[in-house]
Structures are given as structure tokens and as C-alpha cells.
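Derivation of every value follows stated rules applied to the coordinates shown; laboratory data play no part. Here the structure is a predicted model, which means the values were calculated and not measured. Quick reminder, even Gly has a Cβ in these numbers, built from the backbone with ideal geometry, and neighbours come from all protein chains shown.
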Amino acid sequence: MKKVVTVTFAALIGLLSLPSQAADIEAGKAKSVICAACHGADGISLIPLYPNLKGQKAQYVEKQLKAFKDGSRKDPVMSPMAMPLTDADIANLAAYYESLK
């Protein structure tokens, strides 16, 4: 006898959007020290040219950092900053900035 499994679209999207490993907010906070020069110590930039990161969705921050790293998004300041970041660093930074409310 075959079992039929019903999965809702919302549940499927939820499963697909789960990170492969849990991010470490404290590690992200430690790594963010270098980001603070432009994006502010609390994720609120004092320089209008640079965006606020406080409260940004983790998936958005990850996507942008990965784009800077792989060259699909270019910026003379951010591209070299993203290059040495590991996938774990990126996930941790994204989780940290999302956690700031």
C-alpha cells in the first residue's frame, strides 16, 4: 500500500528557505567589527552613502554579500571586503544584522 504525502506550497517554500546550517549570531557580531566603520557599530550608518544593516532580512544580506564575493555585484569598497568571507561568515553576519531590532 502506497502512502500519499501532501505538502502545501507554503510548507515546501519554508523547507527550501531553511539555511543549511544554523548561523552563529555571536560570531557574526564579532565579525561585524570591520563593517562598523561604514555601517555603524549598531548597524545604523552615520554616512548617508552606506546602507543601514540593522534589522535587514538575513537572506537579503547573504544574497548581497555573496554577489559582491562572486563578482555578480560590483562595488569598489564592498567587493574586496566580501572576498575573504566564508559562507559561514556571511551567514553569521546576516543572522547578526537581522537580530538587531
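Here are the numbers for the structure shown:
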item	result
Listed residue pairs exceeding 18 Å between alpha carbons, taken from LYS29/LYS54; LYS29/LYS101; LYS63/LYS101	LYS63/LYS101
Residues whose placed amide H lies under 5 Å from that of ARG73, excluding near-sequence neighbours	PHE68
Cα-projected label distance for ILE47 with SER72, points at 7 Å along beta-carbon direction, nm	2.7
Nonlocal amide H pairs with GLY40, under 5 Å, H built at 1.01 Å	LEU46
Phi-based couplings in Hz for region 80-92 (Karplus 6.51, -1.76, 1.60; Gly and Pro marked x)	x, 5, 7, 3, x, 6, 7, 4, 5, 4, 4, 4, 5
Projected label distance in nm at MET83 and ALA36, using a 7 Å step from Cα toward the beta-carbon	2.5
